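Data block below; observations after.
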Amino acid sequence: MHVLIVANDTRGGVEPYAHLAAGLRTAGHSVRVAAPAEYAPMFAGVTAFHGLTGAGRADTEAAAREKLSLRAIGALVTERARGWARETREIADGVDLVCAGIGGAMIAGPVAQSVGAPFVRTHLQPIDAPSFRYPGLLTPWLSYFGSAGNLAGNAVSGAVLRTAFGPPLRAARTELGLPRRHAAPHSTILYGFSPRVVPVASSSTTRRVATGYWTGAAEEVHDPELERFLAGPAPVVSIGFGSMRSADPDALRSTVLEAVRMAGVRAVLLSGWGAIAGDDHAGEHVFGTESLPHSWLFRRVSATVHHGGAGTAGAALLSGVPSVVVPFGAEQPFWAARTRSLGVSPPPVPIKGITAERLAAAIRMSIGSPVMRSRARSLAAELRDERGVVTAVRELELIAR
């Protein structure tokens, strides 16, 4: 089987596809990948890797510096989609399946139609999965109205996503010279999360399979100074907001450091893409660095403070320790609501209302609740038993027959 994976996202939205690619290779299949060039090392051993032009961190940072409006960002993505479609098409000849989640679907669907292969939606979020059992991806507050609010929120979220991704999808199709009639994606959708976390359900026309999380062997870190810090006195929490950005990174850093002091903990502070200002001289109670593998770090701390992206939320759930979610926007409030409903996190602390007092109180609750800590451990054990990559590979093999 020859599989093309399109993973156009930040690290948290790309790494699960690297584990899926590794699982496919282990099962004897050929894998090609189109993703931001900086993530090429994750995909060592694939048959072909193409780094998408204009899709990396530097390009995102340049757009942020220019303070582009949402309309301007949409126009930029639409223009880049033409090149991404052309570049991805160059490595697509002879593939049996094309796979992508929300970050790559606008390219993967047209490319699949261009080569006559099925397009299999492989999502990290519950997209195209309406239900009364959980809220819409972009509208978790509508769950206040019960099952009717959940159904309405799913409909609204779907409409918003179709509107947002419509222009780049059309641009990609035009670039590839496709007819106006779209080829329907495959009727099976795979989700790289656990059914215990989001219980997606099939319908008469669509088969939905939550396979479990797409994970692999944890990346090892060899840093004696970090090891000494983690082994020191007082609980340690990890604090980082990944690829998020903030209006004033220095002010957010001050808020976070004050919360650490008030909570009586120590912290591994991850500056990421700059939401929190970085500083190598953080003091005896804080270890500062840009990033660390979540699968390695989260299991070594007492709690994690993160933004609630799909990949990071999954890594936190698998770690077996409670989370404090600080959502910035997009689907992050959804994951904050899910982790809270599972009993493994306190109420979220949205970035717009963050204070040192609120964050400190949430940290104290996360490390001080025996019930929450026990639930986090037991849920993680259940999630690790699911073998999500193996299940996903088996499902893709069935689709390709």
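The values are calculated or read from the model by the stated rules, or taken from the named source; none is laboratory data. Note that the coordinates shown come from a computational prediction; the quantities given were computed from them, not determined experimentally. Note that we place each Cβ from the backbone using ideal geometry, even for glycine, and neighbour counts take in every protein chain shown.
Quick look at the values:
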read-out: Yes/no for V301 being touching a helix residue (DSSP H, G or I) at 6+ places or on another chain (Cβ under 9 Å), modelled with pLDDT of 95 or more and over 25 Å from P126 (Cβ atoms); value: yes
read-out: Exclusive hit being of a type in the set (A, V, I, L, M, F, W, C), over 23 Å from the mean Cα position of the chain (by Cα) and over 20 Å from A183 (Cβ atoms), set A129, A72; value: A72
read-out: Residue match in the range 135-152 (condition: touching a residue at least 60 places away in the same chain (Cβ under 8 Å), under 20 Å from D9 (Cβ atoms), surrounded by 22 or more Cβ atoms within 10 Å (Cβ to Cβ) and more than 22 Å from the chain's Cα centre (by Cα)); value: no
read-out: Some residue of the range 187-196 being over 18 Å from P16 (Cβ atoms), assigned by TED's automatic domain parsing to the domain that holds I354 and not acidic (D, E); value: no
read-out: The range 121-132, residues that are of a type outside the set (F, W, Y) and under 14 Å from A152 (Cβ atoms); value: P130, S131
read-out: Any hit, the range 242-259, residues being farther than 25 Å from S345 by Cα and either part of a loop (DSSP other than H, G, I, E, B) or among the basic types (K, R) (or both); value: yes
read-out: Failed item, numbered, when G109 is tested on (1) small (G, A, S); (2) in contact with a strand residue (DSSP E or B) (Cβ under 9 Å, 6 or more places away or on another chain); (3) modelled with pLDDT under 95; value: (3)
read-out: Qualifying residue in the range 198-206 (condition: within 17 Å of the chain's Cα centre (by Cα) and surrounded by fewer than 24 Cβ atoms within 10 Å (Cβ to Cβ)); value: yes
read-out: Hits in the range 112-130 - residues which are in a helix (DSSP H, G or I) and at pLDDT below 95; value: none
read-out: Where A62 falls short, out of the listed (1) at pLDDT below 95; (2) part of a helix (DSSP H, G or I); (3) in contact with a helix residue (DSSP H, G or I) (Cβ under 8 Å, 6 or more places away or on another chain); value: (3)
read-out: Residues (surrounded by fewer than 24 Cβ atoms within 10 Å (Cβ to Cβ) and either under 21 Å from S203 (Cβ atoms) or in contact with a Lys or Arg (Cβ under 8 Å, 6 or more places away or on another chain) (or both)) located in the range 96-112; value: I102
read-out: Complete set of residues in the range 193-233 that are charged (D, E, K, R) and in contact (Cβ under 8 Å) with a residue 60 or more places away in the chain; value: R196, R208, E219, E220, E225
read-out: Elements of type strands (runs of 3 or more DSSP E) contained in the range 281-383, each with 2 or more residues being surrounded by 22 or more Cβ atoms within 10 Å (Cβ to Cβ) and either touching a Lys or Arg at 6+ places or on another chain (Cβ under 9 Å) or in the same structural domain as S243 (by TED's automatic domain parsing) (or both); value: 303-306, 323-325
read-out: Candidate set from the range 1-26 (those that are out of contact with any Phe, Trp or Tyr (no Cβ under 9 Å at 6 or more places or on another chain) and not in a helix (DSSP H, G or I)); member that is farthest from A40 (Cα to Cα); value: M1
read-out: Residue list for the range 178-222, filter: out of contact with any helix residue (DSSP H, G or I) (no Cβ under 8 Å at 6 or more places or on another chain), assigned to a loop (DSSP other than H, G, I, E, B) and within 18 Å of A112 (Cβ to Cβ); value: P179, R180, R181, A184, S187, T206
read-out: Close pairs (9 angstrom Cβ cut-off, 6 or more residues apart or separate chains): touching a residue at least 12 places away in the same chain (Cβ under 8 Å) and part of a helix (DSSP H, G or I) in the range 73-87, polar (S, T, N, Q) and surrounded by 17 or more Cβ atoms within 10 Å (Cβ to Cβ) anywhere; value: W84/N8; A85/S114
read-out: Meets criteria (closer than 13 Å to G104 by Cβ, without any contact (Cβ under 8 Å) to a residue 60 or more places away in the chain and either in the same structural domain as A313 (by TED's automatic domain parsing) or of a type in the set (A, V, I, L, M, F, W, C) (or both)) for V33; value: yes
